[in-house]
Amino acid sequence: MHRPLVVQKFGGSSVANADRIRRVARRIARERSAGSDLVIVVSAMGDTTDELLTLAHAITDEPDARELDMLLATGEHQSATLVSMALHALGVDAISLTGPQAGITTDGRYGRARIANVEPRRIRAEIERGNVVIVAGFQGQSAADADRAEITTLGRGGSDTTAVALAAALRADRCQIFTDVRGIYTADPRLVPAARQLPVIGYEEMLELAHQGAQVMQVRAVELGWVNDVVIEVLSSFEDAPGTLIREDPFVEQRNKVRGLAHDRNVAKVTLVDVPDRPGVARAVFEPLAEAGINVDMIVQNVGHGGATDMSFTVPRAELGKAKKVLESLVRELGARELTTDASVAKVSIVGAGLHNAPGYAARMFGALADAGVNIEMISTSEVRITCMIAEDELSTALAALHGAFELTRPDPVDVTATGLSAG
Ligand code: ADP
Ligand code: ASP
Ligand code: MG
């Protein structure tokens, strides 16, 4: 008889304290008695990862990357062991494994490693022994030989990726991401009370939402799901309510062109004032930033006046300090007037797979922001999104205005006629 294999991931808020861990264990026990084999992926408890980061930075401004990953990985070790113990207390056989024990190997980039391979032999053996297997999320082991292998972490939100990677490697029957909201919404429900839950969202649109800041799923997890055809179910760990399926969306052409909004506060604006307007300047600016591993996103260069021009771009807010260091000496070398930065900005995006052949949406977006009195500082577009940079304190105003302008509260006609779809 085929026993279904289910991968379930529980995020930080779902395991934030002993009570919640016991509750998660009861949920797992229920699923277990229904006859499933289970692989459980957990995040660190509550804000543990942030607290560990703060602690490291209280010791030194620039913690060693290897030691930092060793430290951060302990957050998930804690929660994995505790969930296992909670299952034992309920009479359920369970064992916790670290990422490396679970067979997850990665490249060697500390703090943002990518999974290179999953060899789930140990997991399979533990399932055979009758155990529920609890895997510490967000981590793996760099693939070097045993003498030099190191613990790596997968970047913020990386437990999502652990779960999807394991579901793919184990060819699991289901992959469920339990979190603190009921599923994927048309906008972050914490900021936009009118946001509507989506029964289904296609990989491409989810990927873009994640790229543009919707932290509910890590970008890499969506990519892995897409490539491996893993249907990802996002649902609440606090209530029994239908979730959202992330999967190939056959109806994408028939849907509302704008599927959702995303926002990102982890952004800062950098401006080089009066840089000489001559060939080679852009390279001189962006090459050293790239070498320092800093991701530059929106770029605007104004029309030059009298041989000089202003150049503005965005970097992740968390990397502003590093970017400043790289650029300060360059400002002198290039003969620019000054370097200014602004960390109180944010990005808002409209996302939809249908946007590329739908003229007029940019104008509608700008119009909605203008009517709400929100000033647009920068704009960028791709096939499936339009992004505006605005002042951070106008974020909720902007999101509310866009949500209204694109009628996102109104159910998608396709979802209404094809509700059978949402049942999976
Ligand atoms: P977990 O700890 O379970 O991994 P996260 O905090 O990483 O949870 O992600 C869940 C959060 O993502 C929600 O609380 C919500 O505020 C935020 N979020 C942002 N955009 C969306 C969206 N479009 N749909 C649902 N949640 C969203
Ligand atoms: N604990 C890690 C973080 O806070 C990984 C995760 O939660 O997915 O980013
Ligand atoms: Mg998360």
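The values are calculated or read from the model by the stated rules, or taken from the named source; none is laboratory data. Remember, predicted model here, so these are calculated numbers, not experimental data. Every residue, glycine as well, gets a Cβ built from its backbone with ideal geometry; the counts of neighbours run over all protein chains shown. Areas reflect the complete protein model, heavy atoms only, side chains present, ligands, DNA and RNA absent. Shrake-Rupley method; radii C 1.70, N 1.55, O 1.52, S 1.80 Å.
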| task | Keeping to the range 110-124, report how many residues are in contact with a helix residue (DSSP H, G or I) (Cβ under 9 Å, 6 or more places away or on another chain) and either open to solvent by 50 Å² or more (accessible area, probe 1.4 Å) or not aliphatic (A, V, I, L, M) (or both). | result | 7
| request: Answer yes if at least one residue in the range 33-49 is at pLDDT 95 or above, out of contact with any Asp or Glu (no Cβ under 9 Å at 6 or more places or on another chain), assigned to a helix (DSSP H, G or I) and open to solvent by less than 50 Å² (accessible area, probe 1.4 Å), and no otherwise. | output: no
| message | Looking at the structure I just gave you, is Asp277 more than 16 Å from ligand 3 (Cβ to nearest atom), surrounded by 15 or more Cβ atoms within 10 Å (Cβ to Cβ), farther than 24 Å from Cys175 by Cα and among the acidic types (Asp, Glu)? | response | yes
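Taking the options Leu245, Leu272, name whichever one is away from ligand 1 (no atom under 13 Å from the Cβ), under 30 Å from Val331 (Cβ atoms) and over 15 Å from the mean Cα position of the chain (by Cα).
Values: Leu245 fails: under 30 Å from Val331 (Cβ atoms).
The match here is Leu272.
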| query | Filter the range 201-218 for residues that are more than 9 Å from ligand 1 (Cβ to nearest atom) and in a loop (DSSP other than H, G, I, E, B); which is farthest from Asn256 (Cα to Cα)? | reply | Gln212
| task | Test Ser79 against the stated conditions and say whether it is open to solvent by less than 70 Å² (accessible area, probe 1.4 Å) and in contact (Cβ under 8 Å) with a residue 60 or more places away in the chain. | result | yes
| task | Return the pairs, sorted by first residue and then second, in which the second residue is part of a helix (DSSP H, G or I) and open to solvent by less than 50 Å² (accessible area, probe 1.4 Å), the first residue lies in the range 393-406 and is modelled with pLDDT of 95 or more, the beta carbons are less than 7 Å apart, and the residues are 6+ apart or on different chains. | result | Ala398/Leu369; Ala401/Ala368; Ala401/Leu369; Leu402/Met365; Leu402/Ala368; Ala405/Ala368
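Have a look at Asp69, Asp64 and point out the one that is surrounded by 16 or more Cβ atoms within 10 Å (Cβ to Cβ) and of a type in the set (Asp, Glu).
Numbers: Asp64 fails: surrounded by 16 or more Cβ atoms within 10 Å (Cβ to Cβ).
Being surrounded by 16 or more Cβ atoms within 10 Å (Cβ to Cβ) and of a type in the set (Asp, Glu) holds for just one of Asp69, Asp64, which is Asp69.
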| query | Can you name the residue in the range 156-178 that is open to solvent by 10 Å² or more (accessible area, probe 1.4 Å) and under 13 Å from the mean Cα position of the chain (by Cα) and, of all such residues, is farthest from ligand 3 (Cβ to nearest atom)? | reply | Arg156
| task | Return the pairs, sorted by first residue and then second, in which the second residue is more than 9 Å from ligand 1 (Cβ to nearest atom) and open to solvent by 50 Å² or more (accessible area, probe 1.4 Å), the first residue lies in the range 1-17 and is free of Cβ contacts under 8 Å to residues at least 40 places away in the same chain, the beta carbons are less than 6 Å apart, and the residues are 6+ apart or on different chains. | result | none
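Scan the range 125-155 residue by residue and report those that are within 16 Å of ligand 2 (Cβ to nearest atom), of a type outside the set (A, V, I, L, M) and surrounded by 18 or more Cβ atoms within 10 Å (Cβ to Cβ).
Gly137, Phe138, Gln139, Gly140, Thr152, Thr153
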